[in-house]
Each structure stands twice: as structure tokens, then as C-alpha cells.
Amino acid sequence: FLYGSTLLFAMHGGTILACSRYGADREIDQIVDRGTATERAALFWRWTMG
């Protein structure tokens, strides 16, 4: 489980870095900037579903 989670997180990070020219690096700002619980849940859902 831990291996799969780490691999998935690394692939998502690689995707953000590869697509940074299209504005994907804004996700990092959204992660660091804490919003309401609903906003964080929506961001988590978007992360997990791709």
C-alpha cells in the first residue's frame, strides 16, 4: 500500500512539473493555501480522480 501511494504521489508530482507551462503549478499554491474544508475536500477529490 505504501509503495503504491508513494508511486502515485510521485507520478502526480511529475505530471504537475511536466505541465507547468500550462499553469498546472497553480495546484501547489492551492495546496499550500488552506481554504475551507469544502475547498480542501474538492482539491483532494480532484487529486485522487486525476
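Couple of notes before you dig in:
- Sparse-neighbour loop sites [chymotrypsin sites (Phe, Trp or Tyr not before Pro); the chain; at most 16 other C-beta within 10 Å; DSSP]: F1
- Residues A37 and L17, FRET efficiency given R0 of 25 Å [Cβ-Cβ distance, rounded to 0.05]: 0.35
- Kirkwood Rh and Cα Rg combined as Rg/Rh, region 2-49: 1.00
- DSSP-assigned coil residues among trypsin sites (Lys or Arg not before Pro) in region 2-41, each with at most 14 further Cβ atoms within 10 Å: R34
Any read-out appearing in this document is the output of simple, stated calculations on the displayed coordinates, not a laboratory observation. Because the structure is predicted, anything quoted here is derived from the model rather than measured. Using ideal geometry, Cβ is built from the backbone for each residue, glycine included, and neighbour counts are taken over all protein chains shown.
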